[in-house]
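Structure record follows, encoded as structure tokens.
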Amino acid sequence: MRRIYRNGTRAMEYLVFGFLLVLSSSPAIGRGEADQFEDFSEITLEELLNRKVESASKHEQNLFESANAITVITAEDIRRSGATCIPEALRMVPGVYVAQVSGNQWLVTVGGFVQDAYPNKLLVLVDGVSAYSPVSGGVRWEDISFSIEEVEKIEVIRGPGGVLYGANAVDGVINIYTKSPGNTSGGYVNVKGGTQDYRSASAATTLATDDDLLRTRLAVNYQEHQGLGMNRGQEYEDANAVNAASVRNQIKLEEGALLHVNANFNSGVNEYPSETFIPGTYYHEATNFTTKIEQYFDNGHQYYLQGSYSRCYIQGLSEDDGWKDYYDTISYDLEFQHSFPFDALGSHRFTWGGGHVWSLAKIDMIKDGEQDFTVASAFINDEWKPADQVLINAGLKYERNSFLDDPTLHWRGALLYFPTPEHGFRVSVANAYRSPSATDLFAERYVPLPPEAAALFPPGTAPNMASLFGDEDLDPEELISYEVGYRGVWFERVNVDASYAYREYDNLIATVISDPGFYVTIPPSTQVGPFDTQYQYSNDGKATSQTMELGIDARITRELRLLLNYGYVHLDVDDFENDDGIEKYSAENFGRIGLSYTHARGFMADVSGWYSDEVEVYRRGPNPMPYLFDDYWRIDARLAQKIQLSGGEIEFGVVGMNLGQEWHEEYMSSLGEYPYPIRTSYYGYLEYRED
């Protein structure tokens with residue numbers, strides 16, 4: 001899959017970029033101003049106040065009435081940003097720290113905690129199905145590989161969501177909604193191509209029967225790129241290639257019930273540089289089948305029952321053995337929910353439900369090579385409006401994980417006050433738990449001696465260089481969060497979202513040295529080692545954090561929109577003896593400012609700047625040390641043009657990422673040897689969309 005990057009292609013890339021820039025700035029032909037123009041300023045106050053979200057209460061509600069700090073990214077927001085993957089799009093959310101680790105790895109975290117570039121306190125859902133890994137915790141973004149053109153919206157909860165989503169929804173929940181056949185009629189064809197041999201092709205269409213009782217959406221995608229190029233004179237090995245396909249069906253049943261039958265599949269090859277913990281080439285497959293039946297009644301009652309099957313399978317390429325099984329997880333998930341209104345001392349909406357999950361984790365680095373577990377849960381939640389200006393939200397969730405000795409109880413209470421319809425204040429307190437992963441509990445990892453060190457010992461007696469063991473008696477990590485927030489609309493066109501949280505963490509799982517190992521003396525007096533150092537997971541960690549988040553969405557004029565977000569995270573982690581580094585942190589200050597311009601004849605221009613101040617990563621291994629990343633700005637820009645055709649429209653454009661500097665470093669795994677500088681890149685695209 002790897003191709004050699006040739007310097008001669010550089011001039012051609014600049015030539016293509018300049019040609020598309022000139023072409024995209026020409027006026028559109030055909031479509032009239034009244035039909036083509038997206039007017040940023042003429043959105044009504046009622047539309048701003050009644051924007052809908054689903055994730056905060058697991059049923060549709062006004063964003064202003066959400067008990068959590070929550071942000072919504074729409075499909076149009078994603079298109080205007082120029083993002084080619086979901087992590088890039090998440091830079092638009094206040095309080096979400098995003099950093100590119102390599103050509104196919106991304107760090108996304110809320111609240112600051114990071115675990116080897118896979119934060120394990122952030123729950124990610126795709127159409128309601130968890131993408132959280134039961135093996136090591138965290139989310140492998142490189143394995144969520146459907147086309148970004150298929151994303152309808154992304155809702156991001158900033159703060160604990162354990163009452164509704166259970167374990168692992170500690171610092172936040174990211175809920176990704178793909179386009180469904182029920183609310184999407186048109187299809188599209190999209191092609192992209194750019195530097196680093198980036199190429200992508202995707203297409204989708206929606207089919208319906210004459211009576212509209214059955215609607216089906218089909219989508220396919222292929223994309224690949226050859227990674228970041230060169231580092232310290234050597235070529236990176238961080239390329240990837242991905243195929244994805246999905247079919248989503250909506251069937252209208254009697255009495256207004258809807259049946260959804262969905263299937264998603266993707267496969268691909270990822271390469272990881274030699275400096276990482278898992279160097280080499282890996283093939284992955286991800287499969288999901290989901291069936292959901294939902295019903296809405298005129299009296300306000302809502303029901304759904306959902307079952308899903310998910311599998312993620314990874315093979316590693318070995319020089320000696322060829323392709324070898326590396327990782328395999330299987331999950332069966334069944335859940336139900338009932339939501340209904342009732343009147344007792346005011347207006348209530350009561351929601352209750354439960355579920356059962358069975359998961360199997362296979363990887364040779366855990367005890368016996370595989371472990372399975374179950375999670376059973378039940379929850380209740382009440383939204384009570386005792387007066388027009390007051391809303392009280394309270395809930396409980398009981399959860400039983402077969403890995404753990406005791407069940408956990410998640411809880412939340414929130415008070416919302418609306419002095420006027422345009423302004424709302426929120427005070428809340430909640431807890432959440434993160435269950436230990438299979439690796440935390442059952443790890444058995446061994447690092448063999450390098451050949452030069454093994455020669456110091458008699459044949460057959462050489463110890464391991466190091467080893468890491470899990471602890472089957474670990475308790476879940478616990479968070480208690482205290483939050484205040486404000487949402488408001490100013491001048492009938494400026495949305496403001498601000499929040500502050502103080503959080504206390506207990507029973508944090510970290511790596512400690514359980515045996516420091518030993519040294520070998522080489523005559524006359526040189527000591528070499530340590531050898532056979534043993535590490536173990538422990539519940540000894542505690543921490544507190546303070547976070548502040550600000551988001552502003554201003555429709556300045558008919559043509560101009562301003563988007564600004566900012567996040568501040570300050571973590572204090574208690575040190576303890578033999579600590580080899582609790583999960584390290586994101587930057588303390590970070591954010592994005594973006595401007596979008598739309599001309600009446602279809603020309604669009606978008607530019608954004610992302611800032612991150614310095615961040616320290618604790619590099620583990622034989623020579624542990626902190627690695628300090630400098631603060632940086634990255635500038636991304638997009639120019640595009642729409643042209644109306646009979647029955648649809650064409651959009652073409654050019655995007656530049658990380659403009660203004662050829663290279664900069666953003667992050668690395670704490671198990672890596674070196675960071676991987678991120679380079680300037682360009683791509684052009686052409687898309688046809690049906691009306």
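The values are calculated or read from the model by the stated rules, or taken from the named source; none is laboratory data. Note that this is a predicted model, so its numbers are computed, not measured. Positions of Cβ are backbone-derived with ideal geometry, glycine not excepted, and every protein chain shown enters the neighbour counts. Keep in mind that these areas ignore ligands, DNA and RNA; they rest on the heavy atoms of the full protein, side chains included. Shrake-Rupley method; radii C 1.70, N 1.55, O 1.52, S 1.80 Å.
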*State which residue is most open to solvent (accessible area, probe 1.4 Å) when the search covers only segment 113-133 and only residues that are modelled with pLDDT of 85 or more and of a type in the set (Gly, Ala, Ser).*
130
_The lone exception for residue 342 - which of (1) in contact with a helix residue (DSSP H, G or I) (Cβ under 9 Å, 6 or more places away or on another chain); (2) open to solvent by 40 Å² or more (accessible area, probe 1.4 Å) it fails_ = (1)
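For (1) open to solvent by 30 Å² or more (accessible area, probe 1.4 Å); (2) in a strand (DSSP E or B), each residue gets a yes or a no:
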| site | (1), (2) |
| --- | --- |
| 510 | no, yes |
| 513 | yes, yes |
| 550 | yes, yes |
| 557 | yes, no |
| 561 | no, yes |
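Within segment 398-423, count every residue that is open to solvent by 10 Å² or more (accessible area, probe 1.4 Å) and in a strand (DSSP E or B). Step through it out loud before you land on a result.
Taking segment 398-423 as the starting set, the residues that turn out to be open to solvent by 10 Å² or more (accessible area, probe 1.4 Å) are 398-409, 411-413, 415, 417-423.
After this cut, where a residue has to be in a strand (DSSP E or B) as well, the list is 398-401, 408-409, 411-413, 415, 417-420, 423.
Adding up the residues that qualify gives 15.
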*Go through segment 345-361 and give me each residue that's open to solvent by less than 50 Å² (accessible area, probe 1.4 Å) and either under 25 Å from the mean Cα position of the chain (by Cα) or closer than 22 Å to residue 294 by Cα (or both).*
348, 349, 351, 353, 354, 355, 357, 359, 360, 361
*Members of segment 433-486 that are crowded, with 17+ Cβ neighbours inside 10 Å, in a loop (DSSP other than H, G, I, E, B) and among the aromatic types (Phe, Trp, Tyr)*: none
*Find all pairs meeting these conditions: Cβ atoms under 9 angstrom apart; at least six residues apart or on different chains; first residue within segment 446-468 and touching a residue at least 40 places away in the same chain (Cβ under 8 Å); second residue in a strand (DSSP E or B) and open to solvent by 90 Å² or more (accessible area, probe 1.4 Å).*
464/446; 465/446; 466/446; 467/446; 468/446
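For residues that are without any contact (Cβ under 8 Å) to a residue 60 or more places away in the chain and among the hydrophobic types (A, V, I, L, M, F, W, C), tally how many sit in segment 375-396. Even if it seems obvious, please write down each step before you answer.
As a first pass, look at segment 375-396 and keep what is without any contact (Cβ under 8 Å) to a residue 60 or more places away in the chain: 376, 378, 380, 382, 384-390, 392, 394.
Then keep just the ones that are among the hydrophobic types (A, V, I, L, M, F, W, C); that gives 376, 378, 380, 384, 387, 390, 392, 394.
Qualifying residue count for the region: 8.
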*Six or more apart or on different chains, Cβ under 7 Å: which pairs go from a residue in segment 51-71 that's under 13 Å from residue 487 (Cβ atoms) and outside any helix (DSSP H, G or I) to one that's hydroxyl-bearing (Ser, Thr, Tyr) and modelled with pLDDT of 85 or more? Could you list them?*
53/66; 56/66; 67/428; 69/499; 70/55
_Residues that are under 22 Å from residue 469 (Cβ atoms), in contact with a Ser or Thr (Cβ under 8 Å, 6 or more places away or on another chain) and polar (S, T, N, Q), drawn from segment 489-529_ = 511
*Among the residues of segment 181-200 satisfying the criterion of being polar (S, T, N, Q), assigned to a loop (DSSP other than H, G, I, E, B) and in contact with a Ser or Thr (Cβ under 9 Å, 6 or more places away or on another chain), which is most open to solvent (accessible area, probe 1.4 Å)?*
185
*asked:* Please verify whether residue 592 is more than 22 Å from residue 119 (Cα to Cα) and either at pLDDT 95 or above or not aliphatic (A, V, I, L, M) (or both), treating the condition exactly as stated.
replied: no
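Considering only residues that are at pLDDT below 90, hydroxyl-bearing (Ser, Thr, Tyr) and assigned to a strand (DSSP E or B), which ones fall in segment 563-586? Steps first, answer last, please.
Residues of segment 563-586 that are at pLDDT below 90, as a first pass: 571-586.
Checking which are hydroxyl-bearing (Ser, Thr, Tyr) leaves us with 585-586.
Answer for segment 563-586, where residues must be at pLDDT below 90, hydroxyl-bearing (Ser, Thr, Tyr) and assigned to a strand (DSSP E or B): just 585.
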*Pick from segment 165-177 the residues that are more than 14 Å from the chain's Cα centre (by Cα) and open to solvent by 10 Å² or more (accessible area, probe 1.4 Å): which of them is farthest from residue 137 (Cα to Cα)?*
165
